[in-house]
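Some notes on the structure that comes next.
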Amino acid sequence: MDNTIIRFLILIAVMLLTTSFANAESDRGGWYGGLDLGIAMPGDLDTHSTDTDVPTNCDQHFNNVAVDIDGDKGPANLPFNLSDPKCARGQDVWENNFDLDNGPLLGLNVGHSWSSGLRLEAEYFYRQHDGEDSQFGTIAGGKDAEFSEMTERLDNFHGHQFFGNVYYDFHNVLPKAIPYIGGGIGVIVAKVDYSAKFHRNSDPEIMKQYGRHPDAAGTLTSEDKKLSDSLWGYQLMAGIDYPLTESLLLGVKVRYVDFSSDFKDGDSWDKLRGHESTIEPGGAEVRYKLKTDDLDFWGVSLNLKHFF
């Protein structure tokens, strides 16, 4: 479906270059309003996550048991006291990769054009992408040994983008058609549905073999939350317009958009090892943070401008 849309936009561009419209002006100035309809094509999304948890063997919600952790040193009493150096917070670090789907790009703009070729514009556009589940097998510190499932999902990524753009129109370079280049700076208000399931092995004896507290067997750390952030970025554009009438232009635009700041957001877990998101009953919340810096994308769109 996405390839069909791209081929359609290329076909329209060819038509604009080869079709002639009578009595159409190509160098007029003044105020205009426009709209864009197209497709946004994001790159892979790499995530880097941390939280303020302690290791499983330090969880004060669990009962006191003796587990042979070091072998030659004999059983250790678990959970460890929180003052033990083994219980330092924030040791968990995990990374993942997501392939967001191509999605729609819808835009509105208003601007002013001068006969010299300079054009200034204020633009709003919206884009949306479906996501995917991503399973992975490594968490820093060897903690992956206790898990039977580690799955994260990013879905329903959508962003409201607001840009100020500057263009230069190349009048009288092509018969009727007006090629142009431009750039802009702006901000995105981005939101994404984040969910996670870290399911531990359900067999207490296997957990003990891994040196983990047996009360953690079968427990689930999970989250289902909409994360959001606002980021600054820039875009580069190139396109071609063709006058349909004295006041109406139809064109094709290609853009590259990159947001230089990192997307960051987080919350407390819905469940942490099957209990509230704390390391001890009534204690401070354990919170996670997800970060990504890969919100760039390519966009191809049809655009229609009407001069007032």
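The values are calculated or read from the model by the stated rules, or taken from the named source; none is laboratory data. Quick caveat: nothing in here was measured; it's all calculated off a predicted structure. Heads up, the Cβs are rebuilt from the backbone with ideal geometry, glycines too, and the neighbour counts pull from every protein chain shown. Surface accessibility is based on the protein's heavy atoms, side chains included, excluding ligands, DNA and RNA. Shrake-Rupley method; radii C 1.70, N 1.55, O 1.52, S 1.80 Å.
Computed values, structure above
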{"quantity": "Residue match in region 191-210 (condition: on the phi > 0 side of the Ramachandran plot and either modelled with pLDDT under 95 or not polar (S, T, N, Q) (or both))", "calculated": "no"}
{"quantity": "When residues of region 231-280 are limited to those that are in a strand (DSSP E or B) and touching a helix residue (DSSP H, G or I) at 6+ places or on another chain (Cβ under 6 Å), the one nearest to G299 (Cα to Cα)", "calculated": "V252"}
{"quantity": "Members of region 249-300 found to be open to solvent by 50 Å² or more (accessible area, probe 1.4 Å) and more than 17 Å from the chain's Cα centre (by Cα), listed by number", "calculated": "V254, D270, K271, E276, E280, P281, G282, A284, E285, R287"}
{"quantity": "Subset of region 234-272 [under 15 Å from G182 (Cβ atoms) and among the small types (G, A, S)]", "calculated": "A238, G239, G251"}
{"quantity": "Any hit, region 3-11, residues being at pLDDT below 90, part of a helix (DSSP H, G or I) and among the basic types (K, R)", "calculated": "yes"}
{"quantity": "Residues being open to solvent by less than 10 Å² (accessible area, probe 1.4 Å) and within 21 Å of T292 (Cβ to Cβ) - total across region 98-126", "calculated": "4"}
{"quantity": "Candidate set from region 128-153 (those that are in contact with a His (Cβ under 9 Å, 6 or more places away or on another chain) and either farther than 22 Å from S230 by Cα or open to solvent by less than 10 Å² (accessible area, probe 1.4 Å) (or both)); member that is modelled with the highest pLDDT", "calculated": "H129"}
{"quantity": "Some residue of region 165-187 being closer than 23 Å to G299 by Cβ, of a type in the set (S, T, Y) and under 23 Å from the mean Cα position of the chain (by Cα)", "calculated": "no"}
{"quantity": "Subset of region 163-201 (residues that are more than 27 Å from G266 (Cα to Cα), assigned to a strand (DSSP E or B) and of a type in the set (S, T, N, Q))", "calculated": "N165"}
